[in-house]
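Single-structure report; data block below.
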Amino acid sequence: MTSNEKTIPGLHHVTAITADAQKNIDFYCGVLGLRLVKLTVNFDDPGSYHLYYGNELGRPGTIMTFFAWPGAYRGRIGPPQVTVTAFAVPMGAIDYWSKRLKEKGVEVQAVVERFGERVLGFTDPDGMRLEIVSSVEVVEPKGQPWAAGPIPVEQAIRGFHSVTVSEEGYENTAKLLAEVMDFKFIGSEQNRFRYRAGTGDGFASTVDLLCVPDAHHGGMGAGVVHHVAFRTKDDAQQKAWHKEIAGKGFNISPVMDRAYFHSIYYREPGGVLFEIATSNPGFAVDEPVEKLGTKLMLPPWLERDRAAIERAVPPVRLPTSRA
Ligand code: ZN
């Protein structure tokens, strides 16, 4: 077990692939009501967008991000991957969402109950699998939604509820979560094993391992999650995590400067790419809170290439505040 010098209170962000930045923006802002908190480029591939959505401030635990690969082929959803990303809404908001998604032409599945919570499944325009969960754990003001967005605050998405990680065999991943990353086993339903971050306030803290030994393997592409990031408080805690995870024999990247957080990456035993990202410095580091996501932002080391980058990325129509 780890000491309490370093903690992982839950998820930081989920990053997936979209083939169409505009449709992606229209869906996540226009339909789901998230705020575009940063329009930037993929720092490892500056000719393509990296879109960040979140709550008002883009708080860790609320951040859904996409690499936009124009015209990318659809990937295949299957192990080893994060196969479902779930957002939390307040108790009683499921019927609102079911109605809203249908009105917007989104095909929704029948509401199911899981671990005592109501779950609504649907897909985004790239076929990415999403859920909205009415959660008893929605605690104000942890996931303060974007007040100027299109969804009434009472119903709005608070942040992540959980990710579902599908694995051919879940035991080694479970061991990593429980024995290294301080997650606690909560319970199981059929082939689903629920873990929750053992430290922190419970916000965006759930990981479900889905054991699917007979499923077809997934493949990267549009509509597929690229990686999931867990949050840790600061650079000192991240350094301690780096040491611990490397010490357990994992091949872990050096610290990468992602401008809005700092990242380390490692592949968990089942093959899913995990990241640990710092909660600092956050999205207001290079533009004021009221202007988040309103223009293309570049980190200092890419600013000199701005003209070429702006020519390379397709123009997008950015969301406006509630009309
Ligand atoms: Zn990431």
When restricted to Val119, Val82, the only residue without any contact (Cβ under 8 Å) to a residue 40 or more places away in the chain and out of contact with any His (no Cβ under 6 Å at 6 or more places or on another chain) is Val119
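Out of all the residues in region 208-244, which are among the hydrophobic types (A, V, I, L, M, F, W, C), within 16 Å of the ligand (Cβ to nearest atom) and within 13 Å of Gly78 (Cα to Cα)?
Met220, Val224, Val225
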From the list Ala222, Ala178, Ala197, which one is modelled with pLDDT of 95 or more, within 30 Å of Pro70 (Cβ to Cβ), in contact with a strand residue (DSSP E or B) (Cβ under 7 Å, 6 or more places away or on another chain) and not polar (S, T, N, Q)? Ala222
Every residue from region 10-58 that is modelled with pLDDT of 95 or more, farther than 26 Å from Glu290 by Cβ and part of a loop (DSSP other than H, G, I, E, B): Ala19, Asp20
Which condition does Tyr260 not pass, out of (1) within 13 Å of the ligand (Cβ to nearest atom); (2) more than 24 Å from Val165 (Cα to Cα); (3) free of Cβ contacts under 8 Å to residues at least 60 places away in the same chain, if it passes all the others? (3)
Kindly list the number of the only condition in (1) modelled with pLDDT of 95 or more; (2) at positive phi; (3) surrounded by fewer than 24 Cβ atoms within 10 Å (Cβ to Cβ) that fails for Gly71. (1)
Filtered residues of region 185-195 (kept if more than 18 Å from Ile132 (Cα to Cα) and either part of a strand (DSSP E or B) or aromatic (Phe, Trp, Tyr) (or both)): Phe185, Ile186, Gly187, Ser188, Glu189, Phe193, Tyr195
Could you give me the residue pairs with C-beta distances under 6 Å whose first residue belongs to region 152-178 and is within 26 Å of Trp241 (Cβ to Cβ), whose second residue is modelled with pLDDT of 95 or more and among the charged types (D, E, K, R) wherever it lies, and which are 6+ apart or on separate chains? Ser162/Asp208; Thr164/Asp208; Thr173/Glu167; Thr173/Glu268; Leu176/Glu268
Can Gly247 be described as over 15 Å from Val14 (Cα atoms), out of contact with any helix residue (DSSP H, G or I) (no Cβ under 9 Å at 6 or more places or on another chain), at pLDDT 95 or above and away from the ligand (no atom under 14 Å from the Cβ)? yes
Just to be sure, is Ser134 in contact with a helix residue (DSSP H, G or I) (Cβ under 9 Å, 6 or more places away or on another chain), among the hydroxyl-bearing types (Ser, Thr, Tyr) and farther than 26 Å from Asp45 by Cα? yes
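For Gly200, state whether it is in a loop (DSSP other than H, G, I, E, B) and under 22 Å from Ser134 (Cα atoms).
Numbers: in a loop (DSSP other than H, G, I, E, B): yes; under 22 Å from Ser134 (Cα atoms): yes.
When the stated conditions are applied, Gly200 passes them.
The values are calculated or read from the model by the stated rules, or taken from the named source; none is laboratory data. Just so it is clear, the structure is predicted and the values come from calculations on it, not from any experiment. Positions of Cβ are backbone-derived with ideal geometry, glycine not excepted, and every protein chain shown enters the neighbour counts.
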